[in-house]
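Here the structure is laid out as structure tokens; the discussion comes afterwards.
The values are calculated or read from the model by the stated rules, or taken from the named source; none is laboratory data. Bear in mind that the values here come from a model prediction, so they are computed numbers and not experimental data. Quick reminder, even Gly has a Cβ in these numbers, built from the backbone with ideal geometry, and neighbours come from all protein chains shown.
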Amino acid sequence: MTVGDICNRSVVVAPKGEMIVDAAKRMRTSHVGALVVVENRHDRHVPVGIVTDRDIVISAVAGDPDHINYLLVSDVMSEDLVTAQEEDSVEAALTQMQERGVRRLPIVNGTGALVGILTLDDILEHLTAQQGALLALVAREQRRERQYRV
């Protein structure tokens, strides 16, 4: 299973020059906790950073509340972006997320264009489905064994 198979292909993005207040409003209306910051390069969205609700609270609301109406996404975004290729395994992506301490991982294709986002919730849902399939298999085998043991 690859990250391309389970990632969310509907990514909410923001340009670096957007006002942080507008980005926060988009996060609220889109019900997301992060925006992938992108630049347009050759008609492709290329991820260059990420801004989370926590970034906004710590950097803007708690850090500089008097100037929040003047702050840009680029002022509070994380530029040390961790990404994964869509053909990477879920296990490799999870390891990368653990090593870097991130809960969200933008997914890019071979040209570096943004194609999705993988979240910790996506991985938990995937693992839960796998566990459910294993439990169903065990239960089925137990039923078959009881049926033929009589």
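The residues of the range 76-99 that are under 23 Å from Val46 (Cβ atoms), charged (D, E, K, R) and modelled with pLDDT under 95, listed by number, are Glu79, Asp80. Taking first residues from the range 134-150 that are touching a residue at least 24 places away in the same chain (Cβ under 8 Å) and partners that are surrounded by 10 or more Cβ atoms within 10 Å (Cβ to Cβ) and of a type outside the set (Gly, Ala, Ser), no Cβ contact under 8 Å between residues at least 6 apart in sequence or on separate chains turns up. Show the residue pairs meeting these rules: Cβ distance below 8 Å; 6+ apart or different chains; first residue within the range 66-77 and touching a residue at least 24 places away in the same chain (Cβ under 8 Å) and among the aliphatic types (A, V, I, L, M); second residue surrounded by 12 or more Cβ atoms within 10 Å (Cβ to Cβ) and part of a loop (DSSP other than H, G, I, E, B). If the second residue must be surrounded by 12 or more Cβ atoms within 10 Å (Cβ to Cβ) and part of a loop (DSSP other than H, G, I, E, B), the pairs left are Leu71/Asp64; Leu72/Lys16; Leu72/Glu18; Val73/Lys16; Val73/Glu18; Met77/Lys16. Based on what the data block shows, is Ile107 closer than 22 Å to Ser10 by Cβ, at pLDDT 95 or above, within 15 Å of the chain's Cα centre (by Cα) and not aromatic (Phe, Trp, Tyr)? For Ile107, the condition - closer than 22 Å to Ser10 by Cβ, at pLDDT 95 or above, within 15 Å of the chain's Cα centre (by Cα) and not aromatic (Phe, Trp, Tyr) - is met. Residue-level check: of (1) surrounded by 15 or more Cβ atoms within 10 Å (Cβ to Cβ); (2) out of contact with any helix residue (DSSP H, G or I) (no Cβ under 6 Å at 6 or more places or on another chain); (3) of a type in the set (S, T, N, Q), Ser30 misses just (1). When you check Thr128 against the structure, is it β-branched (Val, Ile, Thr), free of Cβ contacts under 8 Å to residues at least 24 places away in the same chain and not in a strand (DSSP E or B), yes or no? Spelling it out, Thr128 is indeed β-branched (Val, Ile, Thr), free of Cβ contacts under 8 Å to residues at least 24 places away in the same chain and not in a strand (DSSP E or B).
Pairing each residue of the range 79-102 that is of a type in the set (Lys, Arg) with any residue that is part of a loop (DSSP other than H, G, I, E, B), provided the two are 6+ apart or on different chains, yields C-beta distances under 9 Å for Arg100/Asp80; Arg100/Val82.
Just one of the listed residues (Asp55, Asp75) is of a type in the set (Asp, Glu), farther than 20 Å from Leu120 by Cβ and surrounded by 15 or more Cβ atoms within 10 Å (Cβ to Cβ), namely Asp75. For beta carbons closer than 8 Å, sequence separation of 6+ or different chains, a first residue in the range 26-40 that is farther than 18 Å from Leu118 by Cβ and in contact (Cβ under 8 Å) with a residue 12 or more places away in the chain and a second that is outside any strand (DSSP E or B) and among the basic types (Lys, Arg), the qualifying pairs are Glu39/Lys16.
Where strands (runs of 3 or more DSSP E) sit wholly within the range 1-106, none has at least 2 residues that are within 23 Å of Ala129 (Cα to Cα).
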